[in-house]
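See structure below.
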Amino acid sequence: MIFRLSAAVAAICMLSGTAFAQAAKPTDPQIAHIAYTAGQLDITAAKQAIAKSKNKEILGFAHDMVRDTRP
């Protein structure tokens, strides 16, 4: 999970194409990739919560996250 998050952060930094000193606007494909990656991270975290939690509120929220992030 941490590796995926680190990979996503690295991808976002690499996709920006500029140093942090310059704030360039991301392109449409970059925005789409960022949104897709965030959705995948949400699904993974929700599935982990479903597998480990016994709290009804957490389980309900996790199931909502899985349902809401599917196309």
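Look at G39 and say whether it is in a helix (DSSP H, G or I), out of contact with any Phe, Trp or Tyr (no Cβ under 9 Å at 6 or more places or on another chain) and at pLDDT below 95.
Working: in a helix (DSSP H, G or I): yes; out of contact with any Phe, Trp or Tyr (no Cβ under 9 Å at 6 or more places or on another chain): yes; at pLDDT below 95: yes.
The answer is yes for G39.
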- [ ] Could you look through the range 48-71, keep only residues that are modelled with pLDDT of 95 or more and of a type in the set (D, E, K, R), and pick out the one that is surrounded by the fewest Cβ atoms within 10 Å (Cβ to Cβ)?
- [x] K54
Task: Residues within the range 6-31 that are open to solvent by 60 Å² or more (accessible area, probe 1.4 Å) and modelled with pLDDT of 90 or more, tallied - done: 6
Task: Pairs, first free of Cβ contacts under 8 Å to residues at least 24 places away in the same chain and under 25 Å from I34 (Cβ atoms) in the range 48-71, second assigned to a helix (DSSP H, G or I) and of a type in the set (K, R), C-beta under 7 Å, six or more apart - done: V66/K47
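The values are calculated or read from the model by the stated rules, or taken from the named source; none is laboratory data. As the structure is a prediction and not an experimental result, all values here were calculated from the model. Heads up, the Cβs are rebuilt from the backbone with ideal geometry, glycines too, and the neighbour counts pull from every protein chain shown. What goes into the accessible areas is simple: the full protein's heavy atoms, side chains included, and nothing from ligands, DNA or RNA. Shrake-Rupley method; radii C 1.70, N 1.55, O 1.52, S 1.80 Å.
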